[in-house]
Amino acid sequence: MSSDREKIFSAIRAALDPLPKRTAKPEWKRELIVCNPSGEFSSLKEQLADKLVFASSRYCDSFDQLAETLKAENSTFGYCDPELAPLFEKLDGITFETEYDVAKVNEYTFGITKASAAIAESGTIVLKDGDTSSRMGALTPWIHIAAIKESDIVATIPEAIDRFGDDPSIVFCTGPSKTADVEGILIEGVHGPGIQIGFILS
Amino acid sequence: MKSKQKIDLVARDLTNEVHEANFIGAKMKSERRYAALGRDYADPDKLRETAGLVKQHTLEHLDKYLEQAEASFERNGAKVHFAFDEDTAKKTVLNIMNEHGCKSMVKSKSMLTEELELLHYLEDQGKEVIETDLGEFILQIDNDHPSHIVTPIVHKNRRGIAKSFEREGLGDYNDDPETITRRARAHLRQKYLDADIGLTGANFVSAESGRIVLVTNEGNARFCMAANKVHIAIVGIEKIVPTDQDLGLFLNLIGRSGTGQQLTVYNQFIGGPKLKDQPNGPEHMHVIFVDNRRTEVLASDCREILRCIRCGACLNVCPIYRQSGGHAYRSVYPGPVGAVLSPLLAGNRFPELADLPKASSLCGACNEVCPVNIPIPDLLLRLRDKAKREGAKEAMKGTPNLAMWATMCSQPTMWKAALTMGHTMNHIPTQLIPHPSAMSWQGTRKLPKFEGGEFRKWFKNRK
Ligand code: SF4
């Protein structure tokens with residue numbers, strides 16, 4: 001392998017050596033990539049709620065409302081992060097397991113896991129491996145409920161990137177899993193959740 | 001139309017159905033792109049120009065950044081491999097599979113694996129490989145090729161897909177797109193669970209932190225890293241950007257440029273094997289950096305094309321692509337980006353694809369929409385020049401011989417005589433000119449009346 005490494009590096013150097021000068025890295029400010037808010041919001045939470053819906057996710061901050069939504073979707077059995085279980089046990093008529101069993105991949109209709117952050121400007125939910133109790137629990141059920149602490153809402157994408165740390169697997173989720181492969185027609189729920197809910201814990 | 005150029009021949013023979021699917025799909029995405037960028041940024045061009053410079057800078061310091069990326073991945077606990085050519089790249093994948101005792105692979109979309117024809121290679125070696133992107137899965141069961149780099153089955157319609165699903169035993173004929181998607185979901189879910197290795201490409205690589213970035217809407221790349229124990233990321237060396245913060249710039253552009261989404265649904269940042277406490281996901285991560293002639297492109301005067309982030313915007317906006325569809329380009333990368341990249345990546349097979357740079361009206365739309373501001377029309381001209389100098393036959397087809405014209409233009413007396421002659425042209429039916437290209441040109445157009453030849457007189461007598 002080391003010979004291929006050498007070949008590539010020497011080919012790169014041979015290609016670049018003749019260049020009379022090289023392009024400098026442009027200085028750019030974070031404001032450059034922050035998008036227009038398209039609306040006036042009194043708080044990050046309000047903006048996040050608006051942008052989640054814009055991205056075809058759902059916003060929720062009440063346990064009763066969540067229980068209603070789940071029942072309306074015929075989704076009464078699922079998976080929940082064991083650390084979040086005490087909070088969500090009060091969901092009326094809803095049961096869950098706190099250890100993900102792969103044999104039940106098609107039985108879990110919802111999954112509740114922690115979000116590490118949420119991005120107000122884009123309605124994005126951020127999942128880090130270190131905060132996610134089970135990758136499968138966040139991915140395979142039809143409904144994914146990401147529990148977001150209000151204090152973890154950040155305004156912009158650059159701020160979310162600031163919080164990466166050394167986590168090995170970070171996922172930005174902006175909307176439910178979707179495809180438009182068949183004749184450009186939008187269908188939600190391909191391999192991942194068909195319904196993505198951002199649940200704010202105040 | 002009498003053109004002999006291959007791309008014209010393919011375009012001519014497209015069925016109306018396919019032509020319409022290509023045209024409408026491309027137009028729709030172009031319109032969404034325009035709306036999304038205009039809505040979200042006062043000056044989207046500033047983003048494009050900056051992104052272009054960031055990538056150009058990275059490419060012109062690629063030795064440094066590639067070395068940094070390698071060190072960062074190793075620090076994260078990933079294993080780094082290098083593959084100079086196609087063969088080594090494929091063998092490296094196979095060796096990793098064998099080393100971990102893997103028999104079946106789930107893979108997400110990667111144009112690089114199309115370049116390598118990795119799927120067939122692994123199947124020949126007795127491995128099972130499943131494409132998990134819905135479009136790529138359909139191509140796999142149809143033994144077909146992508147016609148677009150973002151929406152690979154834009155050339156197909158629901159009826160054809162329904163028939164393929166029926167043939168593959170995925171249920172009775174049903175052409176409802178939702179049913180098609182649900183059936184694929186159920187079928188592929190089992191494949192994810194059964195597979196022992198997941199393979200992905202990478203849309204970007206951060207040299208600073210040693211992270212690959214994957215951009216998908218379906219979530220299939222997430223699934224390729226959930227139930228299995230080994231993950232391979234196969235990456236072209238041009239995918240590197242310097243820092244994590246730079247990624248924000250590109251992610252804001254790629255979704256908006258390709259499909260008009262503010263962000264693609266899933267942006268994954270993968271820097272190594274899963275954490276110890278995480279019950280699901282790969283315990284081993286392998287990163288394979290592949291050259292496969294990219295350093296040749298870097299050495300050429302078309303190196304700007306390596307900035308490409310494969311968003312597909314130039315395909316969608318291109319009047320030629322809209323008419324011809326992606327298969328007409330006879331290579332992995334279609335459209336304006338493909339007209340530059342495919343001949344370059346073909347190595348000594350350049351002459352076979354040397355006609356592609358001519359498949360452009362040089363209208364400049366591709367440059368205008370490109371999120372990394374690649375001057376595609378300039379690069380097309382450079383490649384036309386290269387084709388001419390190398391005497392590539394494919395590029396000459398359908399091109400009139402201009403030798404007489406050149407002689408006439410370079411001899412003042414002949415030129416003068418020709419201008420006087422011009423007026424007589426008005427009195428003879430030009431359809432009778434026995435030159436094939438003149439005849440074909442006039443099949444759809446009318447030559448205007450000749451009114452020239454007066455300039456010298458005017459110039460001499462002017463006061
Ligand atoms: S050349 Fe530019 S517009 Fe075309 S696919 Fe690449 S990045 Fe997109």
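The values are calculated or read from the model by the stated rules, or taken from the named source; none is laboratory data. On a predicted model such as this, the values are computed, not experimentally measured, just so you know. Virtual Cβ from ideal backbone geometry, glycine too; neighbours counted across all protein chains shown. Please note that ligands, DNA and RNA were not included when accessible areas were found on the heavy atoms of the full protein model with its side chains. Shrake-Rupley method; radii C 1.70, N 1.55, O 1.52, S 1.80 Å.
Peptide A:96-102 is shielded by partner chain Cβ atoms: per residue, an average of 1 of them sit within 10 Å of its Cβ.
Mean partner shielding of peptide B:277-284, defined as the number of other chain Cβ atoms within 10 Å of each residue Cβ, is 5. For a straight C-alpha distance cut-off of 13 angstrom, no aspartates and glutamates are reachable from A:Lys104 once same-chain residues fewer than eight places away are disregarded. Highest mean packing first, where packing is the average number of other Cβ atoms within 10 Å per residue, the peptides B:452-463, B:258-269, B:294-305 line up as B:258-269, B:294-305, B:452-463. Once the convex hull of all Cα atoms in region A:16-66 is built, its volume per residue stands at 162 Å³. Start at zero, step by 10 Å, and the Cα-Cα distances of region B:62-292 spread as 8, 32, 37, 19, 4, 0 percent across the bins. Residue by residue along B:147-160, Cβ atoms of other protein chains within 10 Å of the local Cβ number 2 on average. Distance in nm between label sites at B:Glu99 and B:Met404, each 7 Å beyond Cα in the beta-carbon direction? Going from the B:Glu99 label point to the B:Met404 one covers 6.6 nm.
List the lysines whose alpha-carbon lies under 26 Å from that of B:Lys46, not counting same-chain residues fewer than 8 positions away? Cα-Cα hits under 26 Å: A:Lys21, A:Lys25, A:Lys29, A:Lys51, B:Lys27, B:Lys29, B:Lys55, B:Lys239.
Taking 4.7 Å between C-beta atoms as the pairing limit, chain B has these partnerless cysteines: B:Cys102, B:Cys224, B:Cys302, B:Cys308, B:Cys311, B:Cys318, B:Cys363, B:Cys370, B:Cys409. Binning the alpha carbon pair distances of region A:41-201 at 5 angstrom intervals from zero yields the distribution 2, 9, 19, 22, 21, 15, 8, 3, 0, 0, expressed in whole percent. For the protein assembly as shown, the spread of Cα coordinates along the three principal axes comes to 97, 57, 53 Å, biggest extent given first.
If only the Cβ of Lys and Arg carry +1 and only the Cβ of Asp and Glu carry -1, the dipole of chain B around its Cα centre is close to 2180 debye.
For the pair region B:163-177 and region B:85-154, the centres of their Cα atoms are 23 angstrom apart. Total accessible area buried between chains B and A, 1.4 Å probe, in Å² to the nearest 100? Buried area (both sides, nearest 100 Å²): 7300 Å². A 1.4 Å probe run over the protein chains yields, for region B:62-292, 30 Å² of accessible area per residue, whole-number rounding. Using alpha carbons only, the radius of gyration of chain B set against its Kirkwood radius gives Rg/Rh = 1.05. Put simply, when A:91-99, B:166-174, B:46-54 are sorted by average Cβ atoms within 10 angstrom per residue, most first, you get B:46-54, A:91-99, B:166-174.
Put the Cα centre of region B:372-399 next to the Cα centre of region A:106-160 and the gap is 49 Å. For the listed peptides B:143-152, A:160-169, B:16-25, a ranking on the average number of other beta carbons within 10 Å per residue, highest first, reads B:143-152, A:160-169, B:16-25. Each label was represented as a point 7 Å from its Cα along the Cα-to-Cβ direction; for A:Ser56 and B:His187 these points are 2.2 nm apart. Using a probe radius of 1.4 angstrom, the carbon and sulfur fraction of the accessible surface of region B:292-373 is 49%.
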